[in-house]
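*Asks:* Handing you this structure, nothing more for now.
The values are calculated or read from the model by the stated rules, or taken from the named source; none is laboratory data. Nothing here was measured: the structure is a model prediction, and the numbers come from that model. Please note: Cβ atoms are built from the backbone with ideal geometry, for glycine as well, and neighbour counts cover all protein chains shown.
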C-alpha cells in the first residue's frame, strides 16, 4: 500500500526576516554616514572604532543582499513548494549569510570596545575592555571553525554528499547557550560602563538623559540576545527553509542594533542642535563644561601657562582647573604634552 505524503499548507515567512532587517539596515546605514561625516568635519580624523564600523557596515549590507537573494530563490517557503533546483542555491546562500554575519558581528563589538577605550586610561577601565575584545575574537574564530569544520566535506552544508561526516549537534547547541550567556554579560558591561563617564559630567538633567539614551542603547542588544536564545531549543528541527528564518532574524537584528548603538553617541552634537531648536535644551545648558579636571591629572596646558610661555617668563601660576567641553574625549600621547612648542601635543581632543 502506497504511503501518501502530506504537503504542509503554503506559507511565506521571509517577511519576518526582511521587514525588521531592512528597516534597521537603512537606519544603521544613515547613522554610520552621519557618524563619519560628523567625525571628519569636527575632528578631521577617524579613530580605530570608526574604521571598524566602516568595515562592518558594508558587510552588513552584503548580508542583507544575500538574504534577499535567498528569499528570491524560495527561502521562507515550505520545502515542498520550492523548485528542487533552488534548494542547493538557498542552502549555499544561507551558509554565506552565516559566515558574513560572524565577521560583521565581531567587527561591531570590537568597535564598541575601542570607542570606550578612549574614555579612560587606568587599568580598571581598559583591562575589562581588552578582555572583552580578546574574548570576542576567540568566540568568533571558534564559530568560523565550527562553520567550516562541522561537516566534511564542507559542501555537505548545501547539498547531499554520500558518506558525509558531521559533528554531533548537541555539543554545538550547548556551546551556543554558553556563548549566549557570555554575550549577555558583555552587552551589559559595555552598556553600563559609560555610567562612570556620565557621573562626571557637569550638565543639566535633560542633557544627561540625552547622553544616557545615546550611550545605553546597548541594553536593547542585551534584550535581543535573550530573544535569540529562545530559538536554540528548535535548532536543527523542522523545515530548514522556514526554521532558519527566526534565528537568522534575531542574529541580524543584534548585529544592526550594535551598529546603531555604537554610532549614536558620536552624533551628540547634531542631536543637541536639534533639541535646542525644539526648545528641549537651552543654549546656556549646552555651553557649560562637561568635565572639570585638576591640572596635573592630565598634562594639558592652561591659558595661564600658554601666556607664560609666550612671554618667555617660564614661570607657572598656581594650579588651575582646566575645563573641557565635550562628552567624548580622546586621550592623546601624554609624552607629547611635555613639549613646549605648538598645539600638537594637546592631551585631549574633542570627538
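*Asks:* Quick check on residue 255: is it more than 22 Å from residue 174 (Cα to Cα) and either at pLDDT 65 or above or surrounded by fewer than 20 Cβ atoms within 10 Å (Cβ to Cβ) (or both)?
*Replies:* no
*Asks:* So how many residues does region 118-136 have that are loosely packed, with under 13 Cβ neighbours inside 10 Å, within 22 Å of residue 106 (Cβ to Cβ) and touching a residue at least 24 places away in the same chain (Cβ under 8 Å)?
*Replies:* Of the residues in region 118-136, 0 are loosely packed, with under 13 Cβ neighbours inside 10 Å, within 22 Å of residue 106 (Cβ to Cβ) and touching a residue at least 24 places away in the same chain (Cβ under 8 Å).
*Asks:* Checking residue 6 against (1) within 23 Å of the chain's Cα centre (by Cα); (2) not in a helix (DSSP H, G or I), which single condition isn't satisfied?
*Replies:* Condition not satisfied by residue 6: (1).
*Asks:* Which of (1) under 20 Å from the mean Cα position of the chain (by Cα); (2) more than 25 Å from residue 26 (Cα to Cα); (3) assigned to a loop (DSSP other than H, G, I, E, B) is the odd one out, the single condition residue 46 does not satisfy?
*Replies:* Exception for residue 46: condition (2).
*Asks:* Continuing with this model, one more query. Could you check region 87-97 and list, in sequence order, the residues that are surrounded by fewer than 18 Cβ atoms within 10 Å (Cβ to Cβ) and either farther than 17 Å from residue 252 by Cβ or out of contact with any helix residue (DSSP H, G or I) (no Cβ under 6 Å at 6 or more places or on another chain) (or both)?
*Replies:* Passing the criteria: 88, 89, 92.
*Asks:* Tell me whether region 143-159 contains one or more residues that are surrounded by 13 or more Cβ atoms within 10 Å (Cβ to Cβ) and under 22 Å from residue 52 (Cα atoms).
*Replies:* yes
*Asks:* Of everything in region 65-86 that's touching a residue at least 60 places away in the same chain (Cβ under 8 Å) and assigned to a helix (DSSP H, G or I), which residue is farthest from residue 149 (Cα to Cα)?
*Replies:* 81
*Asks:* Under 27 Å from residue 90 (Cβ atoms) and either at pLDDT 85 or above or outside the structural domain of residue 110 (by TED's automatic domain parsing) (or both): does that describe residue 184?
*Replies:* It is false that residue 184 is under 27 Å from residue 90 (Cβ atoms) and either at pLDDT 85 or above or outside the structural domain of residue 110 (by TED's automatic domain parsing) (or both).
*Asks:* Go through region 74-84 residue by residue and tally those that are in contact with a helix residue (DSSP H, G or I) (Cβ under 7 Å, 6 or more places away or on another chain), closer than 19 Å to residue 95 by Cβ and surrounded by fewer than 20 Cβ atoms within 10 Å (Cβ to Cβ).
*Replies:* So the count comes out to 3.
*Asks:* Moving to a separate point now. Answer yes or no as to whether residue 119 is in the same structural domain as residue 194 (by TED's automatic domain parsing) and not in a helix (DSSP H, G or I).
*Replies:* yes
*Asks:* How many residues does region 101-117 hold that are surrounded by 21 or more Cβ atoms within 10 Å (Cβ to Cβ) and more than 24 Å from residue 65 (Cα to Cα)?
*Replies:* 4
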